[in-house]
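No value in this document is a laboratory result; all are computed from the given coordinates. Source: prediction; values computed, not measured. When we count neighbours, we look across all protein chains shown, and the Cβ atoms used for this are built from the backbone with ideal geometry, even at glycine.
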Amino acid sequence: MSLKQTILSAILLLAAQFSYAQNAASLKAVVRDADNRRPLERATVILAVTGASKNYATGLTDSTGTLHLNALPAANYQLTIGYAGFETYHESIIIKATDKGIIAKEILLRTSSKTLNTVQVTGKKELVENKIDRLVYNVDRDVTSQGGMVTDVLRKIPQVTVDASGNVELLGNPSVQFLINGKPSTMFGASVADALQSIPASQIQSIEVMSSPGSKYDAKGTGGIINIILKKNKTQGFGGTINATAGTRLENGAINLYYKGSNLSVTGYFNGSAQLTAKTKTENQRFATDSFSTNKYYLQQNGVNDFYRNSYQTGLGIEWDASAKDNISFSLSYNHFGNSNDGIIQQYNNTKDLNEHLVSEESGIRNALTKVNNGSLDLSLDYRHKFRRDKQQLSFVLYSSLGTNQSSYSQTQHSLDNEIISGGSRSYNPGTDRIYSWAVDYAHPITKNVLLEAGLKTEQETLSSSAQVLSYNVADESFIPDGQQSYSSVFKRQVYAGYVSSTMNLFDYLNVLAGFRWEYTTNNANYDKAPNTSIPDYSNAGPSLTLAHTFKNQQTLSVSYSYRLERPDYRDLNPFVNLADPHNITMGNPFLKPEIGNEYKIGYNRNFNGDNNLNIVLLYTHNKPDIKSYTTFHPEYTIGDVVYQNVNVIQRDNIASETRIGTNISGSLALGRAITLRPNVQLFRRETNNIYSVPNRISGFEYRVNLNTSWQVTKDLVAEAFGNYKSGIKWQGRQANFLTYTFAVKKQLFNNKGSIGLVAVNPFTQYLKQKTIQETANLTASNVLYIPYRSFGVNFMYKFGKMKVAKSKDAENLLTKPPVE
């Protein structure tokens, strides 16, 4: 049965269950603060049959304070509701066999008078939360990520895959939009993998994964959105935390300070991290044939590189409740990261004719040094006004991100016999990236169960870049400016967007999120080496739809569709020729068109008692025109006055359509009170119709399996183990597979105000071996990369300050335009 037939079956199942639900009793509980009648999100609701040893149903309230328990059989029940900082609520409920329809209850919780001396008091959250439009991973419950970076956290999140080099995919799609606190940042512009390696896990509160975003979200990213939410204090008083990690591969430290009064809160932080210098080894071979001369070309390059990475971030956040209806918030942050890669590569190449006679051969050594230094200053001003009616509000957002990007490389070549330089080049590439954006959003409740939302947004991005290239002149034995390769460019992109969206609950049975989004993109490029380059403007419009129903025993079935796009970024469009490796030349393509994605998804979630749950996702996506890289081999390649031998030229183009069909299955299983298992399995089949591949239609299967095991040894001691395996995929050759595993223990100290932890990552293997094989009609290449991965570390954390629980406010989602559940 095809996936479209499966989606139809799911819709019919919802309809069948709907007719049944009309003839059974259901409980609708709305939990509010008794003092101000604000809804309480994530209140724990327990329904137990009187006298039974197990709970009949458990759950958490949504952002409106509501929880539905459907199709309840006749019985005597005990209803219990709890929320941190409030008195526990108890009530007996009798449901008779003759009761039909919905039993609605509004429960008002009173604030507990108890003052707490501990630094932080929150309700216990699950490690992974499944919501109607997103998955939430609560980092503070992840022990094995202590002392690591955000990349280490992403590897453990269902639906997310991270390869050994730090590249991220969401349900098999690498086109992902990353946000910090719901907003874009220029820190992701130059290299997403490097940017993710610069954020310590200790600074993260949670990570939201949205594989099917609604129309209120930017359409960018055919794979979806990953939103990194930094830690934010929600308790009154003054305090802070100190985090420090020392290790054999990673070191980082952070300090967070915060103050929260009755209507003003201030947060400040600083952190720094370093990936210590380690040797990375490479072994590359390439066999190619010239279809015209029938000559055969062989290239071998073996190298050792010293790699180092560092980063730091600092920021300030202020939030002010100007009145009971008005909230103003301001944030400022600066992010910096850089890396250095210094290597020596031994290379050998030869040319043979059709009869295997040697035509020419050459050997030598190449010294190469590359450096990257990026910084971004992000500023945001948000204003929100609430009207008298519940859920009616107006919000404005002003945002800017000012980035600086500096990269450079230097490479020289000489023979094995002496160190006389025979060739080389140097390049210094400074640039800036500026994003300015504003948005206005309005939410209006049409009825009690129907919310209409609409918004406008514009975003302007300006990228300026230049490359000062020098080529080695053998006659003068010096580097001289190369006017053919040096360039300057300015690229401007403006996006205008508008959306309308509706959230509704039909008959207290079916939750519906439906919307439509329109975006218009203008592009203007000024490349001094291609002065007549014209990038066309374009518009995109598409709907989004999610249907979800919660059955009894906390089971939810959902069906969704989303329209997404991927705009080619500046690096893809820039025609700059990168000669850092003269045998593997890369360049951009200013004529790329946006990639369009259509995603269909079925989701099933079941929450059992305690820490037990199951989540299943079925996915079908089709992207066209898909942007793919392709490689062409050239026996000789001329740039300016220089002729390069035995060269691969790598470019990107709209050369394919891609279909992905797969599933992700994850869950949690509690073995008694002390041990919890969290498995995750992802299976995908990819099929691409590529005009430059032979054959044109290729397909491959890949899978990913991981398991996190947590053992609560004592009340203040926990141990965890995590293992992750990602298969290689047979795809134009063979992509690399890899295995990682982590062990960690964490001990609470000072009455839970501090902790100390030990972490071991791949303790029995020093390197991750990544072997990739590339096969085309006239080329076969084998690339082996040895990544240093083994590490041991110790982490210390301490909280200070004396605070008390603050009264609950409306639940918030830090995305610029929050969904309503």
THR277 and TYR538 label points (each 7 Å along its Cα→Cβ direction) are spaced in nm at 4.6
Highest-first arrangement of 349-357, 333-341, 467-475, 221-229, where packing means the average Cβ count within 10 Å
221-229, 333-341, 467-475, 349-357
Radius of gyration and Dmax for the chain's Cα atoms, expressed in Å?
28.5, 100
DSSP beta bridges in the chain [antiparallel fraction, %, rounded to 5]
95
With +1 assigned to the C-beta of every Lys and Arg and -1 to the C-beta of every Asp and Glu, and no other charges, what is the dipole magnitude of the chain about the Cα centre in debye, to the nearest 20?
3440
In segment 578-686, trypsin sites (Lys or Arg not before Pro) in a DSSP loop with at most 16 other beta-carbon atoms within 10 Å:
ARG673
Qualifying chymotrypsin sites (Phe, Trp or Tyr not before Pro) for segment 68-101 [loop in DSSP, other Cβ within 10 Å: at most 14]:
none
Just grab the label-to-label distance for VAL490 and THR248, each label 7 Å out from Cα along the Cβ direction, in nm (one decimal).
5.2
Along the Cα-to-Cβ line of ASN302, 7 Å from the Cα, sits a label point; which residues in segment 356-382 have backbone N less than 16 Å from it?
363-366
Specify the angular offset, from 0 to 90 degrees and rounded to the nearest 10, of the alpha carbon long axis of helix 3-21 from the longest principal axis of the alpha carbons in the chain.
10
Farthest toward the dipole's positive end in the chain, which of ASN751, VAL495, GLN735, given Cβ charges of +1 (Lys, Arg) and -1 (Asp, Glu) about the Cα centre?
ASN751
Neighbour-limited loop hits for GluC sites (Glu not before Pro), segment 648-730 (at most 14 other Cβ within 10 Å; DSSP other than H, G, I, E, B)
none
A chain fully extended from LEU749 to GLU419 at 0.36 nm per residue, minus the present Cα-Cα distance, gains in nm 113.0 nm
When you count, for each residue, the other Cβ atoms within 10 Å and take the mean per peptide, how do 387-399, 176-188 rank with the highest first?
176-188, 387-399
What does the net charge come to around THR370 if you take all other residues with beta carbon closer than 13 Å to its beta carbon, with K and R at +1 and D and E at -1?
0
Given points 7 Å out from each Cα along the Cα-Cβ axis, report the VAL266 to THR714 separation in nanometres with one decimal.
4.1
Zone of SER165's modelled label, taken as backbone nitrogen in segment 764-787 under 16 Å from a point 7 Å along Cα→Cβ:
768-775, 781-787
Looking at this model, which pairs from LYS131/LYS231; LYS232/LYS386; LYS231/LYS281 are more than 27 angstrom apart at the alpha-carbon?
LYS231/LYS281
If you put +1 on each Lys and Arg Cβ and -1 on each Asp and Glu Cβ, how big is the dipole of segment 520-579 around its Cα centre, in Debye rounded to 20?
280
Stretched out fully, how many nm does the piece from LEU354 to THR780 gain, at 0.36 nm a residue minus the Cα gap?
151.7 nm
What FRET efficiency, computed as 1/(1 + (r/R0)^6) with R0 = 35 Å and r the Cβ-Cβ distance, is obtained for GLU106 and LEU614, rounded to the nearest 0.05?
0.65
Please give the net charge around GLN300, taking every other residue with its beta carbon less than 13 angstrom from that of GLN300, where Lys and Arg add +1 and Asp and Glu add -1.
-1
Suppose only helical runs count, i.e. DSSP H with n ≥ 4. What mean residue ellipticity at 222 nm does that imply for the chain under -39500 (n - 2.57) per run, divided by all residues and rounded to the nearest 500 deg cm²/dmol?
-1000 deg cm²/dmol
Charge context of TYR570, other residues only, Cβ under 13 angstrom, K/R +1, D/E -1:
+2
Apply 1/(1 + (r/R0)^6) to the Cβ-Cβ distance of LEU677 and LYS232, taking R0 = 35 Å, and write down the FRET efficiency to the nearest 0.05.
0.70
